[in-house]
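Student: Quick one: the structure is below, questions incoming.
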Amino acid sequence: MDRLKKKILYIHHAGELGGAPKSLSILLNGLDKKFFESTVFMLIDGPAKVLFENVCDKVIVSKKRLFAFHGTTVSGMSFRLFVKNLLFIIPNAIAAYRVIKKTKPQLIHLNTSCLFIYALVAKLFFKNIKIVCHVREPLLENFHGNILKFFNNKYCDFFIPINEYEAEPFKKNKYKVIRNSIDTSLYHFNKDIRAEQRENYRIIESDFVIGFFARFNLENGIQDLSNLANALNPDIKILVFGYEPNGLYQKEIDIANSMPNNVVLNGMISDVNIKMQMIDLLLSPFKTPHFSRAMIEAQSLSIPVIASNIGSQNTLLRDGETGYLYEVGAIQDLKNKITFLKSNKEILSKMKFEARNFALDMFDQSKNNEMVYSIYKDLLKIKC
């Protein structure tokens, strides 16, 4: 049977924990080992490696730290970033050739469109390798984003955008929108965990708590977070998970220092399904289009969401049913929505119920994974 297995090489761009490695680990965990043998190649070492080691056949980490070719709204663009893009083209091409030659895959799955160099090398130097590109981030609408658009469209066989917004640059090719997934059996409300975690953080049951689960940076809306915190009554607590002071810009440090006493800054965590149980409401105030994994995690835990009305993440809730949308910078409207939910327990309770149902319908891993595996089998002509 092993000789009949199809080898899939997954290329992952970073080492830290976050939405992309979580999504990939969920996909790998359900992969049918009767049909597929999986290898993950990581450009950078980090804690995400443990996620992959637990769910795939082999993990290979680049001996030298590599850097993907960025051109999405998540990374933005600067002169320094563009120079790094150029400097790492050849090292990535060499790494691609070596890992493809070593693993001999029939299919390569890029975990972001920023990895198009691996598709280019596969098509130019090897035969009969199919390329799937997971489009997890909107492209920049400029020269840098157009580079990703051109090369991915030229060398990839199939695209998996996580929503229609991300799909736009790739609609001339074969694609299927499949939303990021969540293990809804792992992410479900548990009153005992909530009580234990609240006790650990010295939060009493009557406290109303807002959560922010994202990297603490300007693109993720920390200015709105700060302005809101200073506008809210101090009895509403805000827990921030994603604050890593090393590597922050001065403006981000200044925003952190301006937070009032009702805000507690915490670092990145791996047990989101545990820590998130403490909160009553999730805030996702991103400034640039992005898929917020915390939004689908929260709703799976029966937690309503208030999110900025920007591309991608505004598709991740039902406005007025599982949460609310607000316009970036509209702090008074944001404050009003939060205080309304705090004082209207019946509406908040109904939103919690609808949030869980929405997550089960849209983000359940079993259903979404099967759609990805079906794409693999079609490309590789596997008959079941």
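Student: When you look at E346, is it of a type in the set (D, E, K, R), assigned to a loop (DSSP other than H, G, I, E, B), without any contact (Cβ under 8 Å) to a residue 40 or more places away in the chain and surrounded by fewer than 21 Cβ atoms within 10 Å (Cβ to Cβ), yes or no?
Tutor: No.
Student: Only one of V40, V55 is under 25 Å from L380 (Cβ atoms), surrounded by fewer than 20 Cβ atoms within 10 Å (Cβ to Cβ), without any contact (Cβ under 8 Å) to a residue 40 or more places away in the chain and in contact with a strand residue (DSSP E or B) (Cβ under 9 Å, 6 or more places away or on another chain); which?
Tutor: V55
The rows are residues; the columns are (1) under 30 Å from D32 (Cβ atoms); (2) part of a loop (DSSP other than H, G, I, E, B).
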residue	(1), (2)
L317	no, yes
V328	no, yes
L341	no, no
K350	no, no
N357	yes, no
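Student: Hey, among the residues in region 239-265 that are of a type in the set (S, T, N, Q) and surrounded by fewer than 16 Cβ atoms within 10 Å (Cβ to Cβ), which one's farthest from the chain's Cα centre (by Cα)?
Tutor: Checked region 239-265; the qualifying residue farthest from the chain's Cα centre (by Cα) is N261.
For every residue, the table says whether it meets (1) surrounded by 14 or more Cβ atoms within 10 Å (Cβ to Cβ); (2) closer than 30 Å to C156 by Cβ.
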site	(1), (2)
S181	yes, yes
Q197	yes, no
R202	no, no
R215	yes, yes
E219	yes, yes
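Student: Then there is this: State all residues of region 298-314 that are at pLDDT 95 or above, under 16 Å from the mean Cα position of the chain (by Cα) and not aliphatic (A, V, I, L, M); if no residue qualifies, say none.
Tutor: Correct list: Q299, S300.
Student: Can you find a residue that is at pLDDT below 95 and out of contact with any Ser or Thr (no Cβ under 8 Å at 6 or more places or on another chain) anywhere in region 93-109?
Tutor: Looking for residues that are at pLDDT below 95 and out of contact with any Ser or Thr (no Cβ under 8 Å at 6 or more places or on another chain), one finds none in region 93-109, hence no.
Student: If I210 passes every condition in (1) more than 17 Å from A355 (Cα to Cα); (2) assigned by TED's automatic domain parsing to the domain that holds Y324 but one, which one does it miss?
Tutor: Of the numbered conditions (1) more than 17 Å from A355 (Cα to Cα); (2) assigned by TED's automatic domain parsing to the domain that holds Y324, the odd one out for I210 is (1).
Student: While we're here: Return the total of residues in region 248-279 being of a type in the set (A, V, I, L, M) and assigned to a strand (DSSP E or B).
Tutor: 3
Student: Continuing with this model, one more query. Can you give me the number of residues within region 308-335 that are touching a Pro at 6+ places or on another chain (Cβ under 9 Å), touching a residue at least 60 places away in the same chain (Cβ under 8 Å) and under 21 Å from N180 (Cα atoms)?
Tutor: So the answer is 3.
Student: Do we find that I26 is in a loop (DSSP other than H, G, I, E, B) and among the β-branched types (V, I, T) in this structure?
Tutor: No.
Student: Which one is surrounded by the most Cβ atoms within 10 Å (Cβ to Cβ), of the residues in region 58-83 that are among the small types (G, A, S) and under 23 Å from S25 (Cα atoms)?
Tutor: A68
Student: Turning to a different aspect of this structure: Find all pairs meeting these conditions: Cβ atoms under 7 angstrom apart; at least six residues apart or on different chains; first residue within region 261-278 and over 15 Å from E196 (Cβ atoms); second residue hydroxyl-bearing (S, T, Y) and buried (at least 16 other Cβ atoms within 10 Å of the Cβ).
Tutor: If the second residue must be hydroxyl-bearing (S, T, Y) and buried (at least 16 other Cβ atoms within 10 Å of the Cβ), the pairs left are L265/Y243; N266/Y243; G267/Y243.
Student: Now for a different question. Checking C133 against (1) free of Cβ contacts under 8 Å to residues at least 12 places away in the same chain; (2) closer than 19 Å to T73 by Cα: exactly one of these is not met. Which one?
Tutor: Among (1) free of Cβ contacts under 8 Å to residues at least 12 places away in the same chain; (2) closer than 19 Å to T73 by Cα, C133 violates only (1).
Student: Could you run through region 34-53 and say how many residues are aliphatic (A, V, I, L, M) and under 12 Å from K22 (Cα atoms)?
Tutor: Final tally of qualifying residues: 3.
Student: For S185, work out the one condition from (1) small (G, A, S); (2) within 26 Å of L17 (Cβ to Cβ); (3) outside any helix (DSSP H, G or I); (4) at pLDDT 90 or above it doesn't fulfil.
Tutor: (4)
Student: Could I ask something else about it? Which condition from (1) assigned to a helix (DSSP H, G or I); (2) outside the structural domain of T72 (by TED's automatic domain parsing) is the one that N152 breaks?
Tutor: With respect to (1) assigned to a helix (DSSP H, G or I); (2) outside the structural domain of T72 (by TED's automatic domain parsing), N152 is out only on (2).
The rows are residues; the columns are (1) surrounded by 17 or more Cβ atoms within 10 Å (Cβ to Cβ); (2) assigned to a helix (DSSP H, G or I); (3) not hydrophobic (A, V, I, L, M, F, W, C).
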position: E297; (1), (2), (3): yes, yes, yes
position: I303; (1), (2), (3): yes, no, no
position: I310; (1), (2), (3): yes, no, no
position: Y324; (1), (2), (3): yes, no, yes
position: Q332; (1), (2), (3): no, yes, yes
position: F353; (1), (2), (3): no, yes, no
position: E370; (1), (2), (3): no, yes, yes
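The values are calculated or read from the model by the stated rules, or taken from the named source; none is laboratory data. These numbers were taken from a predicted model, which means no experiment stands behind them. Quick reminder, even Gly has a Cβ in these numbers, built from the backbone with ideal geometry, and neighbours come from all protein chains shown.
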